Amino acid sequence: MADIQRRSTAKGGVRWDVRYRDETMAQRKRSFARKVDAQRFASSVETDLLRGDWIDPKRGQEEFALWADKWLATIADRKPKTRESYESIVANDSSNRLRRPTSLERKVMIDAGPSGTSARTWPSASATASSVPMVEPAPVISPSPNKSAATAT
């Protein structure tokens, strides 16, 4: 059960502290400026804990790449093709911003070309100007006037 307490700050303000115990019975605390926010949070935490849906807020601070490396280390007992598939998914995930580059990607980015460019935007050394297609932006189509209104007059 969550407990809500009123607390006075050093500057004369008021804060509302919510104290609760997580699944491991460790005490946690979160502070709010408004009582209604504290009440909503307390209700939410209680519900999540009862359902088993509560997630430790500190786990959200762990970088995906670090978590993925730990997880990949736990799948050593899987079939080789399964491991390769999982490793490929992690390496080529759609949110590449969340992971750090592999050593091969770092080498490619260093060898890619002028400083400040990345391997993903710099054409390979074997590419020639004629082999790299030029893509022009699509034309902007402005809305045409309503023909029915023009013909009605």
| note | Per principal axis, largest first, the Cα atoms of segment 3-58 extend in Å by 38, 20, 18
| segment 1-67: GluC sites (Glu not before Pro) in DSSP loop, at most 15 other beta carbons within 10 Å | E23, E62, E63
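A short reminder: the numbers here are calculations on the coordinates, not readings from a lab. Keep in mind it's a predicted model, so treat the numbers as computed, not measured. Counting neighbours? That spans all protein chains shown, and the Cβs are built from the backbone with ideal geometry, glycine included.
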